[in-house]
1. Does any residue in segment 163-188 that is within 20 Å of Ala48 (Cα to Cα) and modelled with pLDDT of 95 or more come within less than 9 Å, Cβ to Cβ, of a residue that is of a type in the set (Ser, Thr, Tyr) and in a loop (DSSP other than H, G, I, E, B) six or more places away or on a different chain, and which pairs are these?
2. Please verify whether segment 82-99 includes one or more residues that are modelled with pLDDT of 95 or more and assigned to a loop (DSSP other than H, G, I, E, B).
3. Among the residues in segment 3-12, are any of a type outside the set (Phe, Trp, Tyr) and modelled with pLDDT under 95?
4. Test Lys276 against the criterion of being over 28 Å from Glu49 (Cβ atoms), among the basic types (Lys, Arg), surrounded by fewer than 19 Cβ atoms within 10 Å (Cβ to Cβ) and at pLDDT below 90, and give yes or no.
5. Hey, can you tell me all the residues within segment 1-36 that are touching a strand residue (DSSP E or B) at 6+ places or on another chain (Cβ under 8 Å), farther than 16 Å from Met317 by Cβ and hydrophobic (A, V, I, L, M, F, W, C)?
6. Consider segment 37-64. How many of its residues are on the phi > 0 side of the Ramachandran plot and free of Cβ contacts under 8 Å to residues at least 60 places away in the same chain?
7. Of all the residues that make up segment 104-134, how many are free of Cβ contacts under 8 Å to residues at least 60 places away in the same chain and outside any loop (DSSP other than H, G, I, E, B)?
Amino acid sequence: MTAPLRFGYGFDMRNPPQWEKPWADLYSETLEFIEHLENIGFGQVWLAEHHGIDDGYMPSPVVFGAGVATRTTKVRISQGVGLLPHYHPVRLAEDLAVMDILSGGRAEFGMGIGYLPFEAEAYGFGKRGKLADEIIEIVRRLWQGEALDYDGEFFQLKGARCTPLPCQEGGIPMFVGGTAPAGFRRAARFGDGFIGPVEFWPQYLEEVKQAGKPESAARIISMSYSDMWMLVAEDPEKALDEMAPHAYYQINTYAEWQEGTDWAVMSAMSLDEFKKSGVMRTMTPDDCIAYIKGRQQEAPIEAFCMQVPSGFPLDRMAEYAETFASKVIPAFR
């Protein structure tokens, strides 16, 4: 029997100057909000990662995830997505294993390779793709209980072990992110599934076949610009006016980071242009149900990530989440 579709929110823990609050308050309130999400029926949280960002974009999703693990009992906890090249593989295997134990087997691995040059320069690495491949391979082998000798391009290990091992038999599920062919290939070859836009399901699926795996082995978690900024409300226009400045703040930052690249999916725009663009989807519960069922026709998604916009008051976000929980989630049970 297919498991019900899991819904949840992504968090980046940014603290924009115009809505700034003490860091301890922001983190504490977010943990309380996540507890509330679990209580009303949401099944997962995703924790984003970037480094050296002025507004404090979260640099340590595994550490924050451990905090979530101790405050919840049911939600699955994932990076969304974490940046693989910023980790030593043995330490990553150990830290995620501890998070899995703290959560009673609710951890997920959700990693990509990143794309911001200044982040890589700050950590002193270059070849992100090949580096990420080695990290994934080492982590998986450690979770299988090996005492590992490894002689790679980036890592030379002797007798490496992960103790204790994760709670989940076979290790923590690995979902690998990407927006280009190399990323789809990495997810197919090294991961248990793909985390990213549903639109890339056909390319990922083809890479799964090319890797000699059955189509049934392909898995996907929906995390995309077209779905993450979604808000369900009885009055969608009012909801858009209320939340747009916060989502706009996030989107414009991503647009700035992507400017000049050959893969940019966002472009800078004014607030008014943003509200008219459809990037942020505000819809009624019935329209939302129809939309998500349409996405399920495109790919067998097992979890659907939305976003808590930076600086948006969590007491107001709770009201929108409650509407989603009471009027949308039941349609997928």
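The values are calculated or read from the model by the stated rules, or taken from the named source; none is laboratory data. Source: prediction; values computed, not measured. As a convention, Cβ positions derive from the backbone with ideal geometry for all residues, glycine included, and neighbour counts pool all protein chains shown.
1. none
2. Yes: one or more hits.
3. First, pick out the residues of segment 3-12 that are of a type outside the set (Phe, Trp, Tyr): 3-6, 8, 10, 12.
Then keep just the ones that are modelled with pLDDT under 95; that gives 3-4.
Yes, segment 3-12 has at least one match.
4. Numbers: over 28 Å from Glu49 (Cβ atoms): yes; among the basic types (Lys, Arg): yes; surrounded by fewer than 19 Cβ atoms within 10 Å (Cβ to Cβ): yes; at pLDDT below 90: yes.
Taking the combined requirement at face value, the residue satisfies it.
5. Leu5
6. Initial filter on segment 37-64 (on the phi > 0 side of the Ramachandran plot): 41, 52, 56.
Now drop any that are not free of Cβ contacts under 8 Å to residues at least 60 places away in the same chain, which leaves 56.
Residues flagged as on the phi > 0 side of the Ramachandran plot and free of Cβ contacts under 8 Å to residues at least 60 places away in the same chain within segment 37-64 amount to 1.
7. 10
Per-residue answers, yes or no, for (1) over 23 Å from Arg295 (Cα atoms); (2) surrounded by 18 or more Cβ atoms within 10 Å (Cβ to Cβ); (3) touching a Cys at 6+ places or on another chain (Cβ under 9 Å):
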residue: Asp149; (1), (2), (3): yes, no, no
residue: Thr163; (1), (2), (3): yes, no, no
residue: Cys167; (1), (2), (3): yes, no, no
residue: Phe175; (1), (2), (3): no, yes, no
residue: Phe184; (1), (2), (3): no, yes, no
residue: Phe190; (1), (2), (3): yes, yes, no
